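The values are calculated or read from the model by the stated rules, or taken from the named source; none is laboratory data. Note that the coordinates shown come from a computational prediction; the quantities given were computed from them, not determined experimentally.
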Amino acid sequence: MSEKLILPSIKTILPVPGIRPGLGNYLKSRLTHKIFSALLAGLLMAGCATSVQVLPLAQTEKISCLYPFNPANIPALLIFYKDGMRYVTQANDTCRNAFADELKKNVLSSLLITGGCTQITLDDIEDARSNPEKLNQRLHYY
């Protein structure tokens with residue numbers, strides 16, 4: 001009796017280009033996806049939290065302002081843009097001016113908002129302060 005020794009060809013050993021073989025890579029990609037999703041959700045949830053700021057009025061007086069989001073959180077500004085503009089329009093003068101000033105400072109220093117978008121955002125902040133009806137015609141936030 002002669003037995004033939006059958007060896008696998010090189011094509012069956014090496015993976016096909018473009019296809020990720022094995023369960024390990026699948027689990028790694030799922031884990032990476034879950035970690036990225038958790039980080040993104042955490043970033044957005046941090047932006048959803050209202051920010052309480054205490055502003056000094058005089059040496060003995062202070063006022064608490066409840067901002068709709070932290071003005072330093074640019075992704076929150078992009079997501080909750082109308083809420084921010086509504087706050088700049090409708091809050092009391094001390095709080096809205098402080099919030100608008102912080103927004104302006106952070107928009108100017110942001111890498112996420114560039115070029116013409118920076119100028120439009122700054123114009124919207126000024127319109128929310130001085131001419132809310134003009135801003136409402138563009139954003140329809142009432």
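Given the criteria charged (D, E, K, R), modelled with pLDDT under 75 and farther than 25 Å from Leu135 by Cα, does Lys28 qualify?
On the way: charged (D, E, K, R): yes; modelled with pLDDT under 75: yes; farther than 25 Å from Leu135 by Cα: yes.
Considered against the rule, which asks whether it is charged (D, E, K, R), modelled with pLDDT under 75 and farther than 25 Å from Leu135 by Cα, Lys28 comes out as yes.
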Which of the residues belonging to segment 109-129 are within 16 Å of the chain's Cα centre (by Cα), at pLDDT 90 or above and not β-branched (Val, Ile, Thr)? Ser109
